[in-house]
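None of the figures in this text is laboratory data; all of them are computed from the coordinates on show. Everything numeric in this text was worked out from a predicted model, so none of it was measured. Cβ sites come from the backbone with ideal geometry, for glycine too, and all protein chains shown count toward neighbours.
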Amino acid sequence: MSDYATPTSAVGGDFEEPPQVMARNLRVASQLWASATAFFFFAFVFAYFYLRSLNSQNLWHPHGVSAPTGSGTAIMLLVVVSAAAGYMAARKLAAGDAASFRIGGLVALALGLAAIVVQIVQWSSLGFGPTDGGYASVFVGWTGLYALFLFGTLYWLETLVATSFRSPKNTDSAAAAAFAFYWVVLALVGVATWVVLYLL
């Protein structure tokens, strides 16, 4: 029978939505949000290569403007490992293991927060600002907004983990799966960020 069958009547004349519908809605919403995020950061990829090709007055990448590759690599690795931990935690929850989800969720949260801390430390020691050429403006804008996306997604994870601690039997595996999908996509954006800003 279809998930969209006649809803069950509830108290007060309201209707209960089948749980399969909510799971599907969360999955589609996370896919749409992930697509929107990828296209959002594509604007920085375009800006990078466009300004680099123009190189107006040789100010694309002036001497002395250099991003620290070590801390950039650390940020990327922390986010990737955090995404892997979050993905595995969601898989454990789908299998009915809420305790492992809480542990994996806390690990993913800690690693993600560590990535943001490293990013803040990196900004404090850059030695250049957004007005120091095209590369500098792209770098500061890209990394700043990426850190903002990281923070917002980690807040989402924190709410899932906190809810699991408060009510272990009612932990929403569909919400955890939606988060895990988006977190993996955001980690892939982080890998692209690392390649473009630190390696090219």
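Considering only Ala43, Ala136, Ala94, give the residue with the highest GNM mean-square fluctuation for the chain, with springs between Cα atoms whenever their separation is below 10 Å. So, out of Ala43, Ala136, Ala94, the one fluctuating most is Ala43. Only Cα pairs under 8 Å and 6+ residues apart enter the sum, and on that basis the relative contact order of the chain stands at 31 percent.
For every helix of n ≥ 4 consecutive DSSP H residues, a contribution of -39,500 (n - 2.57) applies; sum these over the chain, divide by its total residues, and give [θ] at 222 nm rounded to the nearest 500 deg cm²/dmol. Could the numbers behind the result be given before it?
On the way: 5 runs with 144 residues, N = 200.
One gets -26000 deg cm²/dmol as the mean residue ellipticity at 222 nm.
Going by C-beta contacts inside 10 Å, put Arg24, Arg166, Arg91 in order with the fewest on the left.
Numbers: Arg24 14, Arg166 9, Arg91 17.
Sorted ascending by nearby Cβ count, the order is Arg166, Arg24, Arg91.
With neighbour counts taken as other beta-carbon atoms within 10 Å, the residues Thr153, Thr171, Thr159, Thr131 rank, fewest first, as Thr131, Thr159, Thr171, Thr153.
Quick one: work out Rg over Rh on the C-alpha atoms of segment 24-113, Rh as Kirkwood radius. Mind dumping the intermediate values first?
On the way: Rg = 19.0 Å, Rh = 16.4 Å.
That ratio equals 1.16.
If you wrap the chain in the convex hull of its Cα atoms and look at it from every side, the mean projected area works out to 14.2 nm².
Considered as an equivalent ellipsoid built on the Cα gyration tensor, segment 87-200 has semi-axes of 33, 13, 10 Å, the largest given first. Between the alpha-carbon centres of segment 122-153 and segment 27-80 there is a gap of 9 Å.
Using every pair of distinct Cα positions in segment 111-170, the Kirkwood expression returns a hydrodynamic radius of 13.4 angstrom. Give the separation of the Cα centroids, segment 156-200 to segment 85-101, in Å. Each part reduced to its Cα centre gives a spacing of 12 Å.
With neighbour counts taken as other beta-carbon atoms within 10 Å, the residues Ser164, Ser53 rank, fewest first, as Ser53, Ser164.
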